[in-house]
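K.L.:
Following this message is one structure expressed as structure tokens.
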Amino acid sequence: MANELPEGARGASLDDAQALLNAAQAEGELLFAGTAGAELLDVLESRTLMGLSPEARVQAHAHMASFLADLARLRRDAGASGEALSDDAFQASLDAALRERGIDRRQLNEMEEQLFMGAPAAHKHILKYLESMPPGARLAAHIRSVDAFIMWRRLQQSSI
């Protein structure tokens, strides 16, 4: 992943592409820090890359870099802005955003169960990471993660 440019970097200037790559690497260091982060990285690498063709692996790495760059941008742009939502309000907002994508909570839960089967610490770690986002970025970070999970699932299905 370290040598892959985020998807948004294609066609961008070299400075812009390097900035995106740097943002992805910095966010990856936050997400994958410590033992729980290392376990999460292992789970994501083994479960999202397993059985993929070489071309699909390149796409998966590029999507991971894009995912991390997007999370870094969300964190940076939100700063300390935004009002913290109550848990009920957050869950309702998340459900509404999922519905806009044609996903219900059951589908999300099934997808996460498959991805994190046997790795509850990794699942807990990514949720804790997403919850640590500034209030103004929290919902968007959760949705961006859902989009990443869906993309990895599609890559796996297309490689079958």
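K.L.:
Quick one: how many residues across the range 45-77 are part of a helix (DSSP H, G or I) and in contact (Cβ under 8 Å) with a residue 60 or more places away in the chain?
P.N.:
Number satisfying all stated conditions: 18.
Residue by residue, here is whether (1) under 23 Å from GLY136 (Cβ atoms); (2) buried (at least 16 other Cβ atoms within 10 Å of the Cβ); (3) acidic (Asp, Glu) holds:
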position: GLN18; (1), (2), (3): no, no, no
position: GLU29; (1), (2), (3): yes, no, yes
position: GLY34; (1), (2), (3): no, no, no
position: ALA38; (1), (2), (3): no, no, no
position: SER46; (1), (2), (3): no, no, no
position: ALA62; (1), (2), (3): no, yes, no
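K.L.:
Could you list, in sequence order, all residues of the range 124-137 that are free of Cβ contacts under 8 Å to residues at least 60 places away in the same chain and under 12 Å from the mean Cα position of the chain (by Cα)?
P.N.:
Selection gives LEU127, LEU130.
K.L.:
Then there's this: Taking the range 98-114 as the region of interest, how many residues are of a type in the set (Asp, Glu) and surrounded by 14 or more Cβ atoms within 10 Å (Cβ to Cβ)?
P.N.:
Residues in the range 98-114 being of a type in the set (Asp, Glu) and surrounded by 14 or more Cβ atoms within 10 Å (Cβ to Cβ): 1 in total.
K.L.:
What residue, among those in the range 74-89 that are hydrophobic (A, V, I, L, M, F, W, C) and closer than 15 Å to ARG144 by Cα, is surrounded by the fewest Cβ atoms within 10 Å (Cβ to Cβ)?
P.N.:
ALA78
K.L.:
Evaluate the following for ALA119: is it over 26 Å from SER158 (Cβ atoms), open to solvent by less than 60 Å² (accessible area, probe 1.4 Å) and at pLDDT 90 or above?
P.N.:
No: the conditions fail for ALA119.
K.L.:
What number goes with the only condition from (1) among the charged types (D, E, K, R); (2) in a helix (DSSP H, G or I); (3) touching a residue at least 12 places away in the same chain (Cβ under 8 Å) that GLU83 does not pass?
P.N.:
Result: GLU83 fails condition (2) only.
K.L.:
Scan LEU71, LEU127 and give me the residue that is surrounded by 15 or more Cβ atoms within 10 Å (Cβ to Cβ) and either in contact with a helix residue (DSSP H, G or I) (Cβ under 9 Å, 6 or more places away or on another chain) or within 16 Å of LEU40 (Cβ to Cβ) (or both).
P.N.:
Result: LEU71 is the single residue among LEU71, LEU127 that is surrounded by 15 or more Cβ atoms within 10 Å (Cβ to Cβ) and either in contact with a helix residue (DSSP H, G or I) (Cβ under 9 Å, 6 or more places away or on another chain) or within 16 Å of LEU40 (Cβ to Cβ) (or both).
The values are calculated or read from the model by the stated rules, or taken from the named source; none is laboratory data. Since we're looking at a predicted model, the values are computed, not measured. Counting neighbours? That spans all protein chains shown, and the Cβs are built from the backbone with ideal geometry, glycine included. Ligands, DNA and RNA are excluded from the accessible area calculation, which covers all protein heavy atoms including side chains. Shrake-Rupley method; radii C 1.70, N 1.55, O 1.52, S 1.80 Å.
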